[in-house]
Amino acid sequence: MRTSIKKTLKRSFTVTSCAVISSLSFAQSSGIVLKNSNSKTSTMTSTLKNIQDDSNEKSNLKGSISFQSNEWVQDVGEVVGNKYFGEVNIDYHSNKDGDFEKKFNLASRVNDKENLMFSVPEAYLRIRFGSNDMTFGRAVLPWSELDKEWGFGKLNNRINFDGFNPGQEGLTGVSFNHRNANGFNVSLFGSVLYVPEMNPGTKIDPDKGTVTCDNPWCKAPSPTADVEGKNIPIYYNVNYPEISDVVFRYSLGGRIGYEDKQKSFHGFLMRKPENQMSTTAEVAYENANQRIYADVTPQFYYHDVAGAETKLKLSDRRVAYGSFFRISPNSNPDGNQPYIEYTGIKPNKKLEEYLGTGIGYETEKFKAKLNYIARTSEFDISNDTLVEYPRWNQAYNISLLAHVTRKLSMGFDYKYDMLTEDRLTMFNADYAVKQNMMISVGANMIGSSGNGESYWSDFVNNDTVYSSFKYTF
């Protein structure tokens, strides 16, 4: 019977290792989404920028309020929390003080289930002195094109409002950058504060012992398990950690490279906690209560993230890159052994390696990108049952953005995994009604082979056919 319970639960705990804990009360103190959290929003921002006057461009403080409805086609938008949402974004950026740069991004999203997500992608003070600069606060590290383009969230955090394009959220700490006249450059990053990736979160009811979702992008563990042909309810008890046990964790890394007007080369290494917390669970069958008792405990794993990258400027309009990305996780959590005894379920950490390349073309009215990624590390679906499926395996991406007129722009983005047959398709058209008002229509669709053995198979119903309105200030 214990074997049956474990088989039912182990996959659930693997895919929700961060989501179960991400709604804890202490997590709500950090957080809001960057205004470019998805390709649709990015296109909208570009169109508005093209028609704004110079006086508006000089403003340090900008923001937007938007509303989007996702259910213009029958059966689309039926997933919990996927009918409609509203967003508020604030962006402050001042770079007028010579040696000082200040930046602060704040944004939020609330959906039809009143589920609030928020993120602070960047909030920093940058000081320049000679050929050096130091950054204090929360900033995105531009060290890996693969982490950025494919949404891995292994180096920087992900904003994670939207799985189609999760966006990047910076790391909190101190960074130092030096570049000499010969093109040699070095960057260092250090921190003693750990702010895990919080979105999307789950809803935990400690009295009922349930873990549920009010968001289409979170995956709650199963509420029942099959025991000898009967569906037995599962009671989840979450052991909340102390805030000090969460936030005081170190990160340390560096990047070294060379850059001139035509080319750049660099390599980096970072040791840091995983951006998402993991969970272990001790499972027992309570015959008297006719339920399964799952005692869930968050744990924190470190991993080493390394990479190397080269970029070439082929012309004034074309740029190409090649990149290597490696994630080497620790097999045990930080500070102690996994919290399990007999029926325990714990995550199985696995090495990941990727190679990727891409080329971009850009003019004032047209942008195009072609990206490719290949996972070079092994992954055995039949045996790696406690490992979350890789987000991408062998995939290409085509992205297009055209400013058709001064007020109208159109975007298209397509990703296809040739190994799992997963595919993401995004299309949008944006029209600037006035200088600070935008209306948009579009569609985001997920396709999968249907065998349930891929990362995206859990989200195949998260399609949206939408219309939206955005007001900027």
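Bear in mind that the values in this text are calculations on the coordinates, not laboratory data. Since the model is a prediction, treat every value here as computed from it, not as a measurement. So basically every Cβ, Gly included, is an ideal-geometry build from the backbone, and we count neighbours across all protein chains shown.
Centre-to-centre separation between the Cα atoms of the stretch 284-328 and those of the stretch 63-85: 28 Å. Distance between the 7 Å Cα→Cβ label points at residue 113 and residue 222: 2.0 nm. Using R0 = 35 Å, the C-beta based FRET efficiency linking residue 207 and residue 461 works out to 0.75. Averaging Cα coordinates gives a centre for the stretch 431-473 and one for the stretch 211-269; these two points are 24 Å apart.
Taking 0.36 nm per residue of sequence separation and removing the Cα-Cα distance, the residue 436/residue 260 pair yields an extension gain of 59.5 nm. Peptide packing: for 153-165, 437-449, the average count of neighbouring Cβ atoms within 10 Å per residue gives the ranking 153-165, 437-449, highest mean first. Placing unit charges on the Cβ atoms only, positive for Lys and Arg and negative for Asp and Glu, gives the stretch 290-334 a dipole magnitude near 400 debye about its Cα centre.
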